[in-house]
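Here the structure is laid out as structure tokens; the discussion comes afterwards.
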Amino acid sequence: MKNRITLKDLAKDLNLSPSTISRALGNHPAISDATKKRVQKKADTLGFTPNSIASSFRMKKTRSLGIIVPRIDIHFHSLVISGIEDYAYKNNYNVTIFQSKNSLKREKEITKILQTRMVDGVIGCLSIETKSCDHFKKFDKLGVPLVFYDRVPTDFDANKIVINDFESAYTATKHLIKSGCKRIGHIAGNQTTTIFNARLEGYKAALKKYKLPIDEALIMHTNNLSYDEGVNCAKKYLALPELPDGIFCANDYTAVSVIQVFRKGGINIPQQVAIVGFSNYPISRIIEPNLTTINDRAFQMGEASTKLLIRKIEDDNDIIDSEIITLKTELIIRESSKLN
């Protein structure tokens with residue numbers, strides 16, 4: 001194996017000091033153009049490439065970001081990751097992705113790994129099991145900026161990129177009401193998670209605003225909002241003495257499963273039951289009828305998280321300890337709720 005050409009090798013060949021070689025390759029203004037050209041020509045001839053790891057140690061910057069996501073197989077998180085990577089790449093940062101798999105134990109292990117590795121900053125989304133975020137607090141002591149997205153801590157101040165889940169759920173439920181629905185159900189996410197609790201409360205607030213009853217029998221609770229849980233919820237609706245005429249689902253997976261179960265049961269959508277989902281997954285445009293849903297701006301959330309994190313890393317004059325950025329969502333109306 002051929003030995004790597006080092007700064008010392010270049011310095012010896014050119015009879016210059018290693019520091020002069022380093023400055024010349026870094027286009028330092030104190031080095032003459034003639035010397036810079038001479039050093040670069042010799043570097044090209046010998047096949048010298050800078051040691052980025054050593055440079056990182058000297059600069060105390062690695063241009064590396066650590067990302068903690070619950071699950072990369074969820075379309076929302078894969079879109080967030082795409083947004084993160086796009087913005088990071090454009091700004092010459094590398095990204096390392098870890099999955100907590102919605103496990104608090106695994107999340108804690110990942111934070112320990114990142115706290116001992118050389119990363120300039122961390123972006124995280126909390127696992128469903130996470131209630132206390134003490135394991136993230138060491139990043140602040142280490143001087144490593146931290147940004148949370150979507151599922152964010154409530155027990156300490158932090159940089160956060162979020163959407164207004166309450167308002168989005170209110171908008172979705174209001175759409176069903178304005179479409180003529182009067183008996184509206186909700187398939188809710190895990191209520192220990194703030195975003196799903198906010199979606200449930202937004203649904204209830206819309207019903208109260210328009211003086212419609214809140215029927216607990218029409219509110220179905222899930223742990224993970226999985227497709228199978230959606231199937232079970234749909235079967236429970238079918239077993240009721242009276243079907244709801246509208247259902248707002250806390251994600252698209254459960255909404256799609258309800259559509260499929262209802263159609264197999266001979267229920268016409270949206271004529272008998274109008275359905276709205278949440279997140280605008282690709283399947284929402286494939287399922288028949290196409291699913292009305294909330295666009296939660298996942299890609300933009302990834303971009304915004306990375307933009308904020310890099311600013312925290314690079315701006316020495318940034319005196320704001322923590323920031324909360326709320327992205328605007330959009331109701332996309334499709335066939336599953338068009339009653340007119």
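The values are calculated or read from the model by the stated rules, or taken from the named source; none is laboratory data. On a predicted model such as this, the values are computed, not experimentally measured, just so you know. Counting neighbours? That spans all protein chains shown, and the Cβs are built from the backbone with ideal geometry, glycine included.
The figures follow:
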| quantity | calculated |
| --- | --- |
| Helices (runs of 4 or more DSSP H) lying entirely in segment 1-112 (those with 2 or more residues that are at pLDDT below 90 and within 29 Å of residue 251 (Cα to Cα)) | none |
| Count of residues meeting criterion [in a loop (DSSP other than H, G, I, E, B) and either surrounded by fewer than 17 Cβ atoms within 10 Å (Cβ to Cβ) or of a type in the set (Ser, Thr, Tyr) (or both)] in segment 168-182 | 3 |
| Matching residues in segment 119-143 - criterion: being in contact (Cβ under 8 Å) with a residue 12 or more places away in the chain, assigned to a loop (DSSP other than H, G, I, E, B) and either among the small types (Gly, Ala, Ser) or under 20 Å from residue 99 (Cβ atoms) (or both) | 119, 125, 126, 127, 128, 129, 130, 131, 132, 133 |
| Of all residues making up segment 234-282, the number that are more than 26 Å from the chain's Cα centre (by Cα), part of a helix (DSSP H, G or I) and either at pLDDT below 95 or of a type in the set (D, E, K, R) (or both) | 4 |
| Residues of segment 122-134 classified as farther than 16 Å from residue 196 by Cβ, modelled with pLDDT under 95 and crowded, with 16+ Cβ neighbours inside 10 Å, total | 1 |
| Qualifying residue in segment 149-167 (condition: closer than 21 Å to residue 259 by Cβ and either of a type in the set (Ser, Thr, Tyr) or surrounded by fewer than 17 Cβ atoms within 10 Å (Cβ to Cβ) (or both)) | no |
| Any hit, segment 93-109, residues being under 20 Å from residue 301 (Cβ atoms), surrounded by fewer than 17 Cβ atoms within 10 Å (Cβ to Cβ), within 15 Å of the chain's Cα centre (by Cα) and assigned by TED's automatic domain parsing to the domain that holds residue 303 | yes |
| Residues located in segment 144-167, provided they are assigned to a strand (DSSP E or B) and either within 19 Å of residue 336 (Cα to Cα) or among the polar types (S, T, N, Q) (or both) | 159 |
